[in-house]
């Protein structure tokens with residue numbers, strides 16, 4: 001504790017950090033409350049619209065059978081997508097040791113946490129029966145990509161929470177040490193709970209840093225898995241436009257692109273609102289802007305790579321989708337996305353005159369909106385394409401309900417962020433301090449010998465998770481049915497005969513069973529003389545589908561010179577049946593029929609169940625392996641929290657007393 | 001005829017491409033490799049979540065799969081586009097006009113003659129809809145009928161995205177009360193009436209076929225006998241007017257299956273006729 005106090009005394013800058021981080025804790029301005037009130041109204045309207053939708057059915061949100069997936073699933077993809085931007089600014093820049101990230105990390109981590117929660121919540125209005133949400137757990141189908149979505153999002157949300165929580169430990173300790181009286185009762189209690197035992201010793205810092213590195217390594221593949229799985233919810237069906245192998249990386253890049261844009265917006269907003277100009281400078285925006293447009297260029301390239309193969313080959317479905325995008329029903333939106341979402345932002349960052357906070361901020365607004373539009377196009381166009389008639393049905397139409405629900409969710413993001421940073425410091429004080437007095441403190445940022453080997457191990461674990469996610473996809477979807485063996489029959493010979501006699505013409509039928517083969521013989525006599533060349537139709541009776549005996553034709557055979565027609569047939573089922581043979585003497589005359597009873601002991605059905613695959617349960621094994629890995633990830637994350645806590649333990653009681661004493 | 005030895009399920013080989021078999025084999029080998037990797041990596045099975053694949057679905061209703069394997073045959077030579085099957089289906093299941101479990105596609109040839117093709121749930125044996133359902137609400141009975149458990153459906157509409165035959169519909173509003181439960185059929189969870197917020201589709205009048213001799217509504221309604229209901233085990237199919245030996249009928253009619261290339265292994269056979277293509281009408285669709 002004393003070391004913190006000393007270091008705070010050393011540089012004026014650090015006092016500024018603490019003061020700046022506590023700005024949101026002061027009595028808020030009228031403008032703040034006005035903004036909160038406005039945002040709350042929008043959120044409440046959104047919730048009310050959703051209640052209306054629950055009461056009226058999803059039709060009021062503009063959904064039809066030809067636009068069964070539309071705005072809400074696009075919202076899920078877009079809003080969870082921006083969450084990754086927060087994670088990347090923080091995690092990747094942490095791992096690469098980019099010290100300029102320090103003033104941005106808390107804002108971007110907070111944004112990552114808030115947006116993943118809001119984005120995941122959009123699954124609820126998307127569902128037809130949200131009251132059965134528990135079915136996702138109690139009736140879960142491991143083979144379903146929607147189920148993977150749930151698992152990936154939940155794990156990622158937990159990781160985001162840990163990533164947000166850990167750096168709060170030193171920050172809250174510093175604030176408690178500096179201005180305990182200005183915090184207010186609620187915050188003081190919360191901060192004491194979060195930071196209990198933290199004294200800022202070298203050991204504690206090293207443990208915290210190593211824990212943060214591990215969480216950062218875990219969170220990157222987790223976020224990749226979230227966006228891959230979101231893409232697979234589309235790409236694992238055979239619909240043109242969605243069934244694209246490029247979609248998983250395409251979604252990951254889209255998430256990063258729009259996410260960095262939202263980080264820029266959130267940073268700009270809080271910088272302006274709380275006058276953080278001393279910490280967040282134009283340089284930060286320019287760097288973020290570079291990252292954003294680099295991702296934008298990759299996204300542009302992937303868009304082209306996504307469209308070209310289908311357009312080139314000219315297969316009907318994908319071609320129609322591309323045509324619809326370039327010239328058809330959604331063309332306006334697609335070109336709007338292309339210009340406003342990729343070309344304009346690139347230009348705004350590239351041109352030196354506009355490469356400032358305003359220019360980059362406008363570029364970020366364009367990117368966030370255009371990327372949402374792109375997601376809506378992707379979802380609604382393919383959803384509205386009828387694969388039977390190869391034509392577009394009614395495409396999705398916005399209604400006030402779906403727009404209100406979406407706006408409510410969008411408004412919830414700044415609302416939750418503003419409230420969140422009234423509770424926790426909005427600058428990462430320890431990080432800012434460390435970067436400003438790296439030389440004074442002598443704690444090099446990445447030279448943590450204990451953490452790096454751990455980090456490598458967890459990185460490997462992350463790679464295995466990804467690999468198994470992909471293998472699981474494959475295996476589960478290929479699971480084949482297992483079937484029981486067919487019924488055996490004991491070979492016995494049974495003979496039966498009957499005579500069907502009509503006045504002059506008679507047909508005598510004999511049916512003999514020889515193993516599985518039944519020989520049916522019909523002898524046609526006219527006035528006791530055999531009839532040659534007579535066409536005899538054989539039938540067996542069945543009780544299938546109708547009461548009584550229905551006749552199933554077995555074939556027609558002409559009689560030979562002895563008036564005999566013979567037919568060999570294999571019965572499909574065992575049991576007694578009537579065999580009949582019919583002869584039509586003249587075109588207008590009555591048919592002459594003879595019958596015999598045949599009790600089939602041995603039958604061979606032509607239906608053969610598909611053989612059981614040797615590895616029918618491989619998909620299941622892989623899926624459960626995946627669960628094991630998710631549990632390992634969760635345990636790894638919990639272990640990091642536990643490590644930091646353990647590092648705080650030995651002097652826990654003393655430090656709290658000290659903190660309250662100062 | 002070689003289909004049986006190939007493990008195809010039905011003796012008449014209706015597959016168009018022999019390359020499919022090779023693909024299948026390499027895939028199986030690959031799967032074996034993946035399985036070994038999976039077993040090696042397995043950290044222990046967790047009994048937390050029910051796993052439903054087709055192997056498990058086969059045990060849903062005891063052993064009666066040995067007795068019947070339902071399928072349907074549509075004789076396109078007979079279809080004249082009267083859409084009486086569609087009307088009967090709407091009536092029987094109380095469906096709103098925008099929800100048609102059976103559709104009759106139509107298109108014109110160069111001479112201007114109109115052709116028709118009824119399309120409904122193809123009762124795939126490798127159903128894409130079953131795999132993607134997050135709550136295991138789509139089931140395949142051991143008699144090969146694909147059904148939606150209306151009490152379990154969460155309304156995610158993932159199955160609507162997955163179905164290549166566009167055979168699934170969502171109950172956007174409260175559906176009209178239906179009487180899908182006539183006397184002989186037991187009350188099973190698979191056959192409750194349609195509910196708002198869930199997905200519905202052709203049920204092959206499955207509440208009728210095993211329990212009574214009543215034929216599916218579309219089969220009974222067709223005045224030309226274009227619709228057949230069949231049983232692969234007993235090798236019999238009927239259209240309400242005549243009875244045929246299924247295997248012979250399919251072989252002689254050069255039966256094909258719709259979108260064979262997707263590997264859905266459907267249980268709906270089309271007897272082509274009048275020269276119209278089966279599936280994929282490209283020009284002049286209504």
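The values are calculated or read from the model by the stated rules, or taken from the named source; none is laboratory data. From a predicted model like this one, the values you see are computed outputs, not experimental measurements. Ideal geometry is used to build each Cβ from the backbone, glycine not excepted, and the neighbour counts take in all protein chains shown.
In contact with a helix residue (DSSP H, G or I) (Cβ under 8 Å, 6 or more places away or on another chain), at the interface with another protein chain (Cβ under 10 Å from one of its Cβ atoms), under 28 Å from residue A:607 (Cβ atoms) and modelled with pLDDT of 90 or more: is that true of residue B:167 in this structure? Judged against the criteria, residue B:167 is not a match.
Based on what the data block shows, is residue A:111 assigned to a helix (DSSP H, G or I), within 25 Å of residue A:405 (Cβ to Cβ) and more than 18 Å from the chain's Cα centre (by Cα)? It is true that residue A:111 is assigned to a helix (DSSP H, G or I), within 25 Å of residue A:405 (Cβ to Cβ) and more than 18 Å from the chain's Cα centre (by Cα).
Residues of the range A:501-518 being more than 60 Å from the chain's Cα centre (by Cα) and in a strand (DSSP E or B), which ones? A:501, A:505, A:506, A:507, A:508, A:509, A:510, A:511, A:512 - these are the residues of the range A:501-518 that are more than 60 Å from the chain's Cα centre (by Cα) and in a strand (DSSP E or B).
Of all the numbered requirements in (1) at pLDDT 85 or above; (2) within 27 Å of residue B:78 (Cα to Cα), residue B:111 misses one, and that requirement is (1). Scan the range B:217-243 for residues that are part of a loop (DSSP other than H, G, I, E, B), within 11 Å of chain A (Cβ to nearest Cβ) and touching a residue at least 24 places away in the same chain (Cβ under 8 Å) and the total you get is 5.
Yes or no: residue A:407 outside any helix (DSSP H, G or I) and either at pLDDT below 95 or within 25 Å of the chain's Cα centre (by Cα) (or both)? Criteria not met by residue A:407. Would you say residue B:92 is more than 25 Å from residue B:233 (Cα to Cα), at pLDDT below 85 and more than 9 Å from every other protein chain (Cβ to nearest Cβ)? Yes; evaluated as a whole, the condition is true for this residue. List every residue pair whose Cβ atoms lie under 9 Å apart, where the two residues are 6 or more positions apart in sequence or sit on different chains, the first residue falls within the range B:72-84 and is free of Cβ contacts under 8 Å to residues at least 12 places away in the same chain and assigned by TED's automatic domain parsing to the domain that holds residue B:220, and the second residue, located anywhere, is surrounded by 24 or more Cβ atoms within 10 Å (Cβ to Cβ) and in a strand (DSSP E or B). That search, which allows pairs on different chains as well, returns nothing. Only one of the numbered conditions (1) more than 14 Å from chain B (Cβ to nearest Cβ); (2) modelled with pLDDT under 80 is violated by residue A:522, and that is (2). Restricting the range A:373-404 to residues that are more than 20 Å from the chain's Cα centre (by Cα), more than 14 Å from chain B (Cβ to nearest Cβ) and in a helix (DSSP H, G or I) leaves a set whose member that is surrounded by the fewest Cβ atoms within 10 Å (Cβ to Cβ) is A:400.
Applying the condition of being in contact with a strand residue (DSSP E or B) (Cβ under 8 Å, 6 or more places away or on another chain) and farther than 15 Å from residue B:165 by Cα to the range B:107-135 and asking which residue is farthest from the other protein chains (Cβ to nearest Cβ) yields B:109.
Scan the range A:256-310 for residues that are outside any helix (DSSP H, G or I) and touching a residue at least 60 places away in the same chain (Cβ under 8 Å) and the total you get is 6. Among all positions in the range A:20-29, there is no residue which is in contact with a strand residue (DSSP E or B) (Cβ under 9 Å, 6 or more places away or on another chain) and assigned to a helix (DSSP H, G or I).
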